[in-house]
Amino acid sequence: MSEPLARRLAEEIAALGARPLAPDVETRAVDLLRDYLGVALGGAPEESSAAVRRGLVTLGLRGDGTVLGAADRLPPPHAALANGAAAHALEMDDTHQEGSIHLGVTVWSAALAAAELTGASGASVLRAGVAGYEVAARLAMAINFAAHYRRGFHPTGTCGAFGAAAAAAVVLGLDAAALATALGIAGSQAAGSMEFLADGAWTKRFNAGWAACAGLHAAALAQAGLRAPSSIFEGRFGVLHAYSDDADPGKLVAGGELALVRTSVKPHACCRYMQGPIDAALALRAEHRLEPAAIERVEVGMLATGIPIVCEPAAAKRRPASVVEAQFSLPFGIAVALARGAASPDEFADAMIADPVVQALAARVLTVRDPALDARFPASWPCWVRVVVRNGATLEAAVEHPLGDPENFPTADALDGKFRRLAARALRPAAIERLVAEVDAFPRARSARPLLAAAVT
């Protein structure tokens, strides 16, 4: 009888979590941790984040866990919930290429909460991050995220719970057997629906936080001796069968390049499937000094997997009624980028949703299916944008690797700029400088607690 997939994966991940990181991997881990802190701080003032915190307090949940960008203190698992939800609020958090999953929001939220509980070092948290990214990304690839989407599941919520469990397990020092148990427990908590798309609900943001909270519970319960199914992945009722009709179990243990270094960051405050088209639209705007009134129509060559998420139903996507709907509207994203020359959180806001220029331009954005793009996906996320102007000219730009992809990764200055802009939504300048210093020193930090202490109001 072959060894269960959870045990095989856990043995590999436990070994990965125990080894010092290679210098280039450590650098990228710090980059992604910094990006996570920025998006969590930037998302902390959002009303959805405040609602999560209020709800947890209503339940009587008070503790010593740090809530990023806020004065609240919660039990560590619920601090992870609040931080994960906040980090997902602006739609600027990182995305794994081949798994179409946001990793940092669940993994760092769980790893930092576990470290605050235990006093673990910065190096331990970074190793846990690498381990958690690996588990969640491999599961998203094995489950076949496109098939998972078709069933209505949100990979960040479902697969993210397993990544969070792995990260917390590494911080808590679990051995391979206990880590495998934590994965089994995570399987009973893996949840997250895509139905938020129907009316721009905040539950997508909640999904990320709930997965982080679930991961902490899974690791702690495994450490305490709770039993879990060893066949949680491949079993008759395991997640690869229950959550997909086209899974590839071998991808769970396939190895290869680390998921963390195959993870992209976002420059724009919207769905990952919109990043490349917005890059192309902004490039055309800058090169040709386009004005909205001069544009007759915009055609966008789109990946088939993204069309149900950001392009359909077409009428609703052209007239989003909320910020969440705008974050998942390709017509709006293209229109606001062409009209304003940016696609930051300031553009994905109620004032822009109601702007008549943006609304008129969004009505002239058309989606084009292009099998040639799909043939290169998900190793790359290519697209093209074609603008037809009223004088009859046609302008076109193609993007193979959107800004933020591993092949087109931002410079250190660009990453720092994004972090500072987002952190400024919650912290004062002096506090931002303290946090920058803590992040820079984090690989050598004896404890993660000073970093967390620097990230509160």
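Open to solvent by less than 10 Å² (accessible area, probe 1.4 Å), more than 24 Å from PRO378 (Cβ to Cβ), touching a Ser or Thr at 6+ places or on another chain (Cβ under 7 Å) and not aromatic (Phe, Trp, Tyr), is that true of GLY184?
Here the answer is yes, as GLY184 does meet what is asked.
What are the residue pairs meeting all of these: first residue in the range 419-434, first residue under 19 Å from GLU46 (Cβ atoms), second residue surrounded by fewer than 16 Cβ atoms within 10 Å (Cβ to Cβ), Cβ atoms under 7 Å, and 6 or more apart or on different chains?
Hits for this filter: ARG425/PRO45; ALA426/PRO45; ALA426/THR457; LEU427/THR457; ILE432/ALA424.
For residues in the range 337-378 being touching a residue at least 40 places away in the same chain (Cβ under 8 Å) and among the basic types (Lys, Arg), which is nearest to HIS268 (Cα to Cα)?
ARG364
Among (1) in contact (Cβ under 8 Å) with a residue 60 or more places away in the chain; (2) within 14 Å of LEU260 (Cβ to Cβ), which single condition is ALA147 missing?
(2)
Hey, among PHE233, PHE237, which residue is modelled with pLDDT of 95 or more, among the aromatic types (Phe, Trp, Tyr) and surrounded by fewer than 18 Cβ atoms within 10 Å (Cβ to Cβ)?
Within the list PHE233, PHE237, the selection yields PHE237.
Sort through VAL368, VAL436 and tell me the only one that's among the hydrophobic types (A, V, I, L, M, F, W, C), out of contact with any Pro (no Cβ under 9 Å at 6 or more places or on another chain) and open to solvent by 20 Å² or more (accessible area, probe 1.4 Å).
Matching residue, one of VAL368, VAL436: VAL368.
For a quick check of your reading: which helices (runs of 4 or more DSSP H) sit entirely within the range 18-131 and have at least 2 residues that are in contact with a Phe, Trp or Tyr (Cβ under 8 Å, 6 or more places away or on another chain) and open to solvent by 10 Å² or more (accessible area, probe 1.4 Å)? Don't jump to the end; show me each part of the working.
Details: elements: 23-43, 47-58, 76-87, 104-118.
Counting at least 2 such residues, we get 23-43, 47-58.
Tell me the residue from VAL310, VAL357, VAL336 that is closer than 27 Å to HIS148 by Cβ, at pLDDT 95 or above and surrounded by 15 or more Cβ atoms within 10 Å (Cβ to Cβ), please.
Numbers: VAL357 fails: closer than 27 Å to HIS148 by Cβ; VAL336 fails: closer than 27 Å to HIS148 by Cβ.
The unique qualifying residue is VAL310.
Restricting attention to the range 292-310, does a residue exist that is in contact with a strand residue (DSSP E or B) (Cβ under 7 Å, 6 or more places away or on another chain), acidic (Asp, Glu) and under 28 Å from ASN391 (Cα atoms)?
Within the range 292-310, one or more residues are in contact with a strand residue (DSSP E or B) (Cβ under 7 Å, 6 or more places away or on another chain), acidic (Asp, Glu) and under 28 Å from ASN391 (Cα atoms).
The values are calculated or read from the model by the stated rules, or taken from the named source; none is laboratory data. Bear in mind the structure is a predicted one, so any value in this text is a computation, not a measurement. Every residue, glycine among them, receives a Cβ derived from its backbone with ideal geometry; neighbour counts consider all protein chains shown. Each accessible area value is taken on the protein alone, full model and side chains, heavy atoms only, with ligands, DNA and RNA left out. Shrake-Rupley method; radii C 1.70, N 1.55, O 1.52, S 1.80 Å.
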